[in-house]
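Taking it in order: structure first as structure tokens, then the write-up.
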Amino acid sequence: MRKKKLFQKTLSILTALTFTATAFVGCGSDAGNQQSSEAGNSVAESNDTGGEDSSDPFAFDSPKDVVFPLKEKLTLTVFVNNPDQSVTSYQDNWVTDWIEEQTNIHLDYKYDLTGDEATQKLNLIMTDPDSMPDFFLRTGWTKAEVLSYGSQGLLLPLEDMLEGMENWTWMNEQSPMRKADLTVGDGHIYTYGGQNECFHCMYQHRMYIYKPWVEKYLGGKNPETTEELYNFLKMVKEDDANGNGIADEVPMSGYIGGWATDPTVWLMNSFTQCVNPLSNTNPTVAGGMVVNNGEIEYAVMKDEYREGLRYMRKLFEEGLLDNQTFLQDSTQFAATMDASEVNKVAVYANGGVENSEFWQQVDGEWQNWEILAPVAGPDGVRYSGRGIQTYFEGCIGVISSTCKYPEIVVALFDFMGSEDAVHHIGGGPKGIGWDYTTEGVSLGGGTPTYETYKIPEDFDYVKDGGLSKTYADYRYTPDAMIQRGTAEYRASLRVEDPDHSTEYWFQQCAELYDQYAPPVETLVPNLAFEGEDAKIVTEGTLTIGGYVSQAQVQFIDGNLDIEKDWDAYIQKLKDMGVEEYIAAYQRGYDAYMAAAEAAGN
């Protein structure tokens, strides 16, 4: 389904190894350029290359001219920074052989690394261009790093070669933000990118409410406003809700350090749009920043933010917001949530669900809880804490300037981004790890298009799976491969048991929160910063952002007075350089918009 254009017309960039002696070696400089002249002549005769170099069977004018499988085998050297250590090898991997069968390209993972080792090796490679591979599948670079290496001539711009490629074009049509997100400050695109639209991840700042107590005190109707929420929490605290005769009820709780377990984001969005978590296991883009008619604003300096702090201070002061929220860890929080004897908590913040049976997908205490929609503040503000969808991801699919056959690599990227290839690369052998289906119910509640299978640890891929050999691994890491997954397509995954499926639960949560999403044009995209601005933003994120988080807690717990200390808080931010911090974001945003416009978004 073709989506509407990006932010309308004026904001169009946002919502945007070695073969045998007769084999041919790929494009990296250290892979060599040797090829058998006899074999080369025979390939030239068998390949119709039009106006291309008839002496080189791998010379194509355009990626669109490349047809897989190639007539002769080509070896390409590859670097991968694999963040998932459960996948131990890309070299000894079923997927690598499958790609070779489909394309006649042998991928020599000369650099098959993870963690700090990958980062350190990558830094060394970039200081010695002769050691660069043909392409980098995943680097983990930031946009600023890509821009720097691209401006040094170490990476090839891809936009012209990508123009008109089937899967590249499809992804950009389905995801209008995508092309803009991949365009860096010099107007070039250096990475193929991904399309891993995790719908529920955009709405990870969630709150859950205990259904039996909603039934007891509110007749089964969840709170709709901050006032109704306050009254509900107060009744829970004062009425011995669990009936054990002990004042052990904790009306609202959370903790710092887990997956969206900080309740302040959910609460603040009843007063002003602001996603600035005190902590989260997932990164936050431009914490606290919003776009208002093209202007960057820092929400943590607004009067509406102050009102949100007043409300949270009231909850904290009256014991309605757990006074241990900013002190306890996951173990202490789990103890508070333990309902083996009696339930104590009415509302809690979490990206997931605090219950082991939920993750085991079986019946359990978790079924007494439901997602709580955002509530309206006194001025009617009712936002979900929405995060920006990014497509740059871990910097997927980059070609080195030493690559001899970049047109083939671009065609390879586009092949790897096809629907069938993505299933094979991320799921392993068809019929073992996944398959197509139209039976049952999908994640989105409709007819599914595919399903995945849980493979037993002792599964014999040769005896039981019919493969010709065993491998160290049978799939690539999702975060280190080209993804093709719109939110709609991800929602077409078959769910075997919707009543117990964790993914189905999260899908329902996201569908609810999507109803309260702020306009996408108000979200700050994943920007690239250069030179002095890069320094300003990096330092400001640590110092200014750190102070904002510290002050937020202090305003809530009473160590700072929201009435007496607010002006001093604002002045300290100014003294710390917040205006230049915001200005650096504005310059980055303006450059992003201009580059995206120039790229045709």
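The values are calculated or read from the model by the stated rules, or taken from the named source; none is laboratory data. These figures come from a predicted structure and were not determined experimentally. Cβ atoms come from the backbone with ideal geometry, glycine included; neighbour counts cover every protein chain shown. The accessibility values were calculated without ligands, DNA or RNA, using every heavy atom of the protein model including side chains. Shrake-Rupley method; radii C 1.70, N 1.55, O 1.52, S 1.80 Å.
To the nearest 20 debye, what is the magnitude of the charge dipole of the range 316-361 about its Cα centre, counting +1 on the Cβ of each Lys and Arg and -1 on the Cβ of each Asp and Glu? Before the final figure, lay out the partial values.
Values: 1 positive and 8 negative charges, 19 e Å.
Around 100 debye, computed over the range 316-361.
What does the C-alpha gyration tensor say about the overall shape of the range 227-310? Classify as rounded when a/c is under 1.5, otherwise prolate if a/b is larger than b/c, or oblate.
Oblate, since a/c reaches 1.5 and b/c is not below a/b.
Select from Leu443, Ile536, Asn82 the residue farthest towards the positive end of the dipole of the chain; place +1 on Cβ of Lys and Arg, -1 on Cβ of Asp and Glu, and compute about the Cα centre.
Positive-end residue among those listed: Ile536.
Once both labels are modelled 7 Å past Cα along the beta-carbon direction, what's the Lys572-Asn244 spacing in nm?
It is 3.9 nm.
Once amide H atoms are built 1.01 Å from N in the peptide plane, which residues 5 or more positions from Ser253, or in another chain, come under 5 Å H to H?
Asp322, Val347, Tyr348, Ala349
About the Cα centre of the chain, how large is the charge dipole given +1 on each Lys and Arg Cβ and -1 on each Asp and Glu Cβ? Please answer in debye to the nearest 20. Mind dumping the intermediate values first?
Details: 42 positive and 94 negative charges, 190 e Å.
Taking the Cα centre of the chain as origin, the dipole is about 920 debye.
Answer with one residue from Gly243, Tyr217, Gly254: the one whose Cα lies farthest towards the positive end of the charge dipole of the range 204-293, charges on Cβ with Lys, Arg +1 and Asp, Glu -1.
Among Gly243, Tyr217, Gly254, the one farthest towards the positive end of the dipole of the range 204-293 is Gly254.
Taking K and R as +1 and D and E as -1, what net charge do the other residues with C-beta under 12 Å from the C-beta of Thr191 add up to? Intermediate values should be presented prior to the final figure.
Numbers: positive: Arg138, Lys143, Arg178, Lys179; negative: Glu145, Glu159, Asp181, Glu393.
Once all neighbours under 12 Å are counted, the net charge is 0.
Per-residue ellipticity at 222 nm for the chain, helices alone: DSSP H runs ≥ 4 residues times -39500 (n - 2.57), over residue total, nearest 500 deg cm²/dmol?
Result for the chain: -10000 deg cm²/dmol, rounded to the nearest 500.
Before I look further, what does the chain give for accessible area per residue, probe 1.4 Å, in whole square angstrom?
On the way: 25300 Å² over 601 residues.
Each residue of the chain exposes 42 Å² on average to a 1.4 Å probe.
What nm distance separates the two modelled labels at Asp565 and Phe459, each placed 7 Å from Cα along Cα→Cβ?
Placing both labels 7 Å along Cα→Cβ, they lie 5.5 nm apart.
If the reach is capped at under 26 angstrom between alpha carbons, list the lysines near Lys404, excluding any in the same chain fewer than eight residues apart.
List returned: Lys64, Lys71, Lys73, Lys110, Lys121, Lys143, Lys179.
Once you order the gyration tensor axes a ≥ b ≥ c over the Cα atoms, which shape class does the range 545-601 get: rounded for a/c under 1.5, otherwise prolate or oblate by comparing a/b with b/c?
prolate
Which whole-Hz couplings ³J(HN,Hα) result when phi for each residue of the range 539-549 is put into the Karplus expression 6.51 cos²θ - 1.76 cosθ + 1.60, θ = phi - 60°, listed in order with x for Gly and Pro?
With coefficients 6.51, -1.76 and 1.60, one gets 5, x, 4, 6, 7, 5, x, x, 5, 4, 5 Hz.
For the range 267-284, just list the computed ³J(HN,Hα) in residue order, Karplus coefficients 6.51, -1.76 and 1.60, θ = phi - 60°, integers in Hz, with x standing in for Gly and Pro.
5, 4, 6, 8, 10, 7, 5, 6, 10, 9, x, 5, 6, 6, 6, 9, x, 10
Roll a 1.4 angstrom probe over the protein heavy atoms and tell me the percent of accessible area of the chain that is carbon or sulfur.
46
State the number of lysine pairs found in the range 445-601 whose Cα atoms come within less than 27 Å, restricting to pairs 8 or more positions apart or on distinct chains. Please list the in-between numbers first.
Numbers: Lys454/Lys463; Lys454/Lys469; Lys535/Lys572; Lys535/Lys574; Lys564/Lys572; Lys564/Lys574.
Value for the range 445-601: 6.
Please state the charge dipole magnitude for the range 135-176, taken about the Cα centre, from unit charges on C-beta atoms (+1 on K and R, -1 on D and E), reported in debye and rounded to the nearest 20.
Around 280 debye, computed over the range 135-176.
Looking at the chain, send over the antiparallel percent of its DSSP beta bridges, to the nearest 5.
50
Along the positive direction of the dipole of the chain (beta-carbon charges: Lys, Arg +1; Asp, Glu -1; about the Cα centre), which of Trp170, Leu315, Ala376 reaches farthest?
Comparing the listed Cα positions along the dipole, Ala376 ranks first.
Treating cross-link reach as a plain straight distance, find the lysines whose alpha-carbon is under 17 Å from the alpha-carbon of Lys234, omitting any fewer than eight places away in the same chain.
The reachable lysines, counting only those whose Cα sits under 17 Å from Lys234, are Lys211, Lys216, Lys221, Lys314, Lys344.
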